[in-house]
Amino acid sequence: MPRAEPAWIIAAVGTYWIAAGVNTLSVHLEKTRSWLGRRWGKHAWKMHLAIITPGWVLAPLVGIRLGTEVQWELPHWTNGWAQAGGILLCIAGTGLVLDTVRRLGFTNTLNGREFGQGKPAIVTSGGFRFLSNPIYTGFALWWGAVSLLSGNAVFFVMAGTSFLALNCCEARVEN
C-alpha cells in the first residue's frame, strides 16, 4: 500500500497556496482594474469576502487534518521544551494577530480598504514597527505552536507555507 504522506502534504500546502493566491489575485485585480468594483459597486468587498472565504476556511482544516494523517514525531528530549515553546509561540502569535486587528480595524484587516471600505491607514506602531504584516507572522507562529504542542513536526511545514505564502506573495500586493 502506498504511503499517503506526500499526498496529504501536497494537499495541505497546495490548499494554503490556493487560498493565498485567490486572495492575492482578487486584491491585485481590484487595485489594478477595479474588477469587482465595476461589476458590484458598493458590494465589491462583500463579493471579495465571498470569493476568499471558502479557501481560508478549507486551508486550515486541511492543514489540521494533515496532522492526523502524517506523524513526524519531535525528538523525545524536546517534550518539556516543546510544550513551553508552543505556549510562548501561541501567545506571541495571538498577540500579533490581535494587535494587528486592533490597529488596522476589522474592515482593513480583511482587505476592505482595497475595495473602498474602511479608512486608509498607514500604521507604524505595534508589530508594524518591525514587520510589514505582523498578522501573517502571527499565523505562522500559530502553526509552529501547533507543531510544538502536538509533538508533530509536520505542522512546521504549514508554518513555513503560511509564512511564505502570506509574507512573500500576499503582502506584496496588499502593501
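Could you please report the charge total around LYS31, scoring K, R as +1 and D, E as -1 over all other residues with beta-carbon less than 11 angstrom from its beta-carbon? Overall, the nearby charge balance is -1. Packing-based ranking of 29-42, 51-64 yields 51-64, 29-42, ordered from highest to lowest mean Cβ neighbour count within 10 Å.
Which chymotrypsin sites (Phe, Trp or Tyr not before Pro) in segment 121-175 pass both tests, a DSSP loop state and at most 10 other beta-carbon atoms within 10 Å? If you can, show how the numbers build up before the last one.
On the way: sites: PHE128, PHE130, TYR136, PHE139, TRP142, TRP143, PHE155, PHE156, PHE163; in loops: PHE130.
The qualifying sites are PHE130.
Where the convex hull is taken over the Cα atoms of the chain, what is its projected area averaged over directions, in nm²? Mind showing how you got there, number by number?
Values: hull surface 44.4 nm².
Spelled out: convex hull of the Cα atoms, projected over all directions, averaged, 11.1 nm².
For TRP72, the residues 5 or more places off, or on other chains, whose built amide H falls under 5 Å of its own are ALA153, VAL154. Hydrophobic, long helices, defined as DSSP H runs whose alpha-carbon span along the helix axis is 15 Å or greater and whose mean Kyte-Doolittle value is at least 1.0, occur in the chain at 134-150.
Since every read-out is calculated from the coordinates, none of them should be taken as a lab result. Given the structure is predicted, the values throughout are model-derived calculations rather than measurements. Every residue, glycine as well, gets a Cβ built from its backbone with ideal geometry; the counts of neighbours run over all protein chains shown.
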